[in-house]
Amino acid sequence: MANDENLAPRLGEALPPEIAAFLKVASSEAAARGWRFYLVGGAVRDAILGRAGFDLDLSVEGDAIGLAMAIAASPDDVTVHHRFNTARLKWGGHHIDLVRSREETYPRPGALPTVRPGPINMDLLRRDFTVNAMAVSLNPDDWGCLIDVCGGLRDIRQRLIRVLHPGSFIDDATRIWRAVRYEQRLGFRIEPETLKLIERDRVMLGTITPDRLRYELECILTETAPEKVFRRADELGLLSTWHPSLKGDSWLSEVCARARSLVEKPHPDVYLALLAWRLTASEKEEFIASLRFTKPQARALRDSQAIAENGGILTSPEAKPSAVAAVLHGLSRDSLVAAKCAVPSGVAGDNIDRFMNEWKHSAPLLTGEDLKRLGVAQGPDLKSILDGIRDLRLDGLICSRAQEENFVMEWLKSRPGES
Ligand code: CTP
């Protein structure tokens, strides 16, 4: 089962020293208990590719929770799930997942699998793609030895994303999204038979719950260039399974790239707002309902709709600051960043920048208490007068406390019944 390949030198290069030290400790604790112990999944793929910054998934042919407790400096550093015998360990700022190696069967398409303990080679055979189905031995007798039962190394060399068996997407259709995500992230190609299976099994995405579908979208939104995934997903007829009006075209590619030129690491909700920017208000609501977006996500989408509907004000060189602020006040930062990318106008960009940097912070010098002292009664008038003063300040029409007081006195005089 083991491959000739030994990844010990690559692991040595790829792993931060504290993680390498951790693995040595974990390895001897596991060996002392007679449990075989492996690095599995994406971390192996990334070590072979020389990609830095991966999470660690560790598989134990033994009690993963017991091992995590034996290694942890304190039990408080371990979060356990007894049902699956898994543990998450905090180790010097890293999170490390330890899992009992297992076999899985899928009771029905789209359902979560039934799990039982199994040896490492069975653990690899339950996985999504060959490139993710490799393990590296962390056992003292064959440390670094690659276990590649599915041809993952060959596919990494040929830069291919390949499922392990033709029923893979029927078992778990979220893997369709994962295939596209890895293909675009790694610059690989989905292998032709796997591509045919995607076409055949696309409909199985209908068996997946909204929460799991949304999770896949969230994973895409944290990729370095989500637009590549969206473009490919559109080509494969996948984007429309989220909403028929979504498009992964060159417009989306441009605006997502623009987001990265404006902010170093755009928030995922910026990309989400851009993906849905061209949907109508009612289409956005359908999209929100179909993937059951979280409150902040739904807010980014609804706020971007509010901006899109008021594009005329933002792009008008004559628009007063108070008019721009009236559109943008209270909207999420992510929707504002998305707007800067999506509204193709220097004027709009400047207006949004000035709102974010200056106008948003503009407030009257007078407080509600001051207004009451001047004779304004508690109630809705108080807020509308403060808003009125704020707008006049924004438009440069008043700039001192005396002028603000004057405005209030005039307002009091102008009320019906006042002389
Ligand atoms: N996996 C799977 N089918 C899924 C999800 C995950 O077979 N639907 C397996 C894969 O072997 C994967 C591993 O579980 O490598 C861990 O999953 P995850 O953390 O999502 O993937 P990584 O490969 O670690 O990818 P990433 O680099 O995106 O974190």
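The values are calculated or read from the model by the stated rules, or taken from the named source; none is laboratory data. Please read all numbers here as calculations on a predicted model, not as lab measurements. Glycine gets a Cβ as well: all are built from the backbone with ideal geometry, and neighbour counts include every protein chain shown.
For the residues 79, 105, the requirement of being surrounded by fewer than 15 Cβ atoms within 10 Å (Cβ to Cβ), touching a Pro at 6+ places or on another chain (Cβ under 9 Å) and of a type in the set (Ser, Thr, Tyr) singles out 105.
Where strands (runs of 3 or more DSSP E) fall entirely within the stretch 53-132, those with at least 2 residues that are more than 13 Å from the ligand (Cβ to nearest atom) are at 56-61, 78-81, 86-91, 94-100, 114-117.
Conditions (1) over 18 Å from residue 183 (Cβ atoms); (2) in the same structural domain as residue 356 (by TED's automatic domain parsing); (3) not hydroxyl-bearing (Ser, Thr, Tyr), marked per residue:
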| residue | (1), (2), (3) |
| --- | --- |
| 241 | no, no, no |
| 244 | yes, no, yes |
| 252 | no, no, yes |
| 255 | yes, no, yes |
| 259 | yes, no, yes |
| 262 | yes, no, yes |
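Among the residues making up the stretch 28-38, those that are touching a residue at least 60 places away in the same chain (Cβ under 8 Å) and either surrounded by fewer than 19 Cβ atoms within 10 Å (Cβ to Cβ) or within 11 Å of the ligand (Cβ to nearest atom) (or both) are 28, 31. Selection of the stretch 164-200 for residues being closer than 17 Å to residue 134 by Cβ, more than 24 Å from the chain's Cα centre (by Cα) and among the aliphatic types (A, V, I, L, M) yields only 164.
Against the list (1) at pLDDT 95 or above; (2) farther than 15 Å from residue 241 by Cα, the condition residue 144 fails is (1). The sole residue among 140, 113 that is at negative phi and free of Cβ contacts under 8 Å to residues at least 60 places away in the same chain is 113. Take the stretch 151-165 and flag every residue that is of a type outside the set (Lys, Arg) and touching an Asp or Glu at 6+ places or on another chain (Cβ under 8 Å). Selection gives 153, 155, 160, 161, 163, 164.
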